[in-house]
Structures are given as structure tokens and as C-alpha cells.
Amino acid sequence: MVEIVYRRFREIKVVPPTPDRIERLIRAAIRTYEEQFFQATLGKMPTSSLSKLDSLVERIAFLDEEQGGSSSDEGLLSFQELKSDPGKPGVESVLREVSKLRTIRNLELPDDLFRDIPLKVLTKYRQRTATEDLRELRRHPDPIRYTLLAAFFRLRSMEITDNLIELLIQIVHRIGVRAERKVEKEILNDLRKVSNKYGILFNMAQSAINNPDGVIRDVIFPVVNEQTLRDLIKEFKHTGPAYREKIHTIIRASYGSQPEILQYDIPMAEIIRDFGRYFHVLFLLVIYGEIFTTLIGNVS
């Protein structure tokens, strides 16, 4: 910042003041910009959003004072919980992040509130809000308080959305991996993998062509014994469509704690349907992308 000021003085061919004077000028300019920014932000916010912000802060303050910063039985979130990371992947983490996102979206902050403001500036105010004591935050004048809170919740909304996408991808992947491991463990002792399948097929085809009117036991079994054919049938059942169907059954059973959504083909998608069409479609694209890449991997 100081270098920019000196450069400007050189451009207009003016002798710069002392370094102390330049520091004071910079601080005054920043203070003036922030005052204008805070006032402009307050002017863009509807009365309903301001009321909801006040109500949310009051509830958060009550939780912090009465319950030590933990959530209430009514589902109200504390300020510490709104700032916290999602934790380990799981349905509980997803639902907790969903609750955070609903709380923030309920504020109905205008979409264009910070349209022309650099992310770096908003990040500065977000960090200031996250580290400042709630009691000190409530003492700020209205323009400062509302701007800090709005910047914090806007960036938290973006962060929580990213966290949800990451959580959902990890959960779907883990459920699929666990299902495959369970199926593989169940069939491991019952499956004898047959090698040289192309050689077996060649021998069977050649024997059948050479003896088109022969009996299978007399023509086929001498070149491929009956047990090998039984093992081939078992292997196909455990690696073909039946195998995938069994995995799908186990995956659906993993949603047993959410019985009301078992009627859907992709139950986890129903948890986030009320986030809006864009987020719902985005998650479905991720899921079908996982399915497609798994299918290609199995074919290859």
C-alpha cells in the first residue's frame, strides 16, 4: 500500500510527505472506505433480513450464555457450531451441515449484496467475525455489525455447500466400497476363479464343431470337466449382473436409519432436494458419474 502511494506521488510529480504522514493518510483512507462500505451494505439489506439477523444473534447469545455454546433440544445452533468444520463423513455430519445451511439461508441475504467486493476483503471480515467475542460484536454500530455478520454468513454458506458436496461424495464412495467388501467376503470361500477362459472356450468350440451330433458328456467333458464348468457358472454369477445387484441391495440397506427415504433410487439425494434444483441436480450428476466410471472399470 505504501509503495502504491509513493508511485502515485511520482506520477503526479508531487514531493511525498514524511513516512509517518503517509501511514496516517493510508489509515484514514481505509477507515473512510470501510465506513462507506458498511453504510452501503446496510442500505442494500432488506428490513426482514436485518430482523432475522438480530433474532439469530439473540438466540445464539442465549445458547452461549445458558448452555455453554452447545445446541439446544429445539435444534438451535450455537455460534461455535456455525463456525465448526463438518467432522468425519457420515449421515449425522451431513444433516448437521444441512441444518447450518438452512439456518443461514433463512436469513434471506440478497444475492448481490457483495457482488463487486473482492473475496479477499470478505474473507478479512469473515475472519474478524469468527474470532471476535459475540458480546463485542453486538456492541458495534448497526452498519458495522450487520456487514460483519452478513459477510460471515455469506462465506460460511459457500463453505458449507462445498463441505456438503465433499461429504456426500465421500459417503457414497464409502458405502460402495463397504458393500463390495462385504459381498467379496461372503463369496470368497465359495468361489474358485477359473483361469485360461479363452483356452477353455476354444477347446469346447473345437470339440463341438468336430462332433456336432455328439453327446455333451462324451464330447465336452473330456476337454473341459464338469467341475470347471460349474466353477465358470459360479464365477459369472459372482462377477456379473447378479454381483452388482447384490452390492446394490447392501447399499440400500445402509440407509436403514432413514426408512422414510428408502422408496427412492438414490436416497441421499432426497436429503438435499430442498436445497434447490441446482444443488440437487449437481449431486445427481456426481452420483451418476461415479456409477459410470465404476461400470467402465468393471468392463475393462
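When each of the peptides 153-159, 43-49 is scored by how many other beta carbons lie within 10 Å of its residues on average, the order from highest to lowest is 153-159, 43-49. In terms of its C-alpha gyration tensor, the range 100-142 comes out oblate, because a/c is 1.5 or above while a/b does not outweigh b/c. Assuming R0 = 25 Å, what is the FRET efficiency of SER51 and ILE26, from their Cβ-Cβ distance, to the nearest 0.05? Computed FRET efficiency for SER51 and ILE26 comes out at 0.10. Counting Lys and Arg as +1 and Asp and Glu as -1 over every other residue whose Cβ lies under 11 Å from the Cβ of LEU164, the net charge comes to -2. Take the Cα of THR131, step 7 Å toward its Cβ, do the same at ARG174, and the gap between the two points is 3.2 nm. Rg/Rh, computed from the Cα trace of the range 24-141 with Rh as the Kirkwood radius, has the value 1.00. Computed from the Cβ-Cβ distance with R0 of 45 Å, the FRET efficiency linking ASP85 to ARG10 stands at 0.45.
Any read-out appearing in this document is the output of simple, stated calculations on the displayed coordinates, not a laboratory observation. All values derive from a computational prediction rather than experimental measurement. FYI the Cβ positions are ideal-geometry reconstructions off the backbone, even for glycines, and counts take in every protein chain you see.
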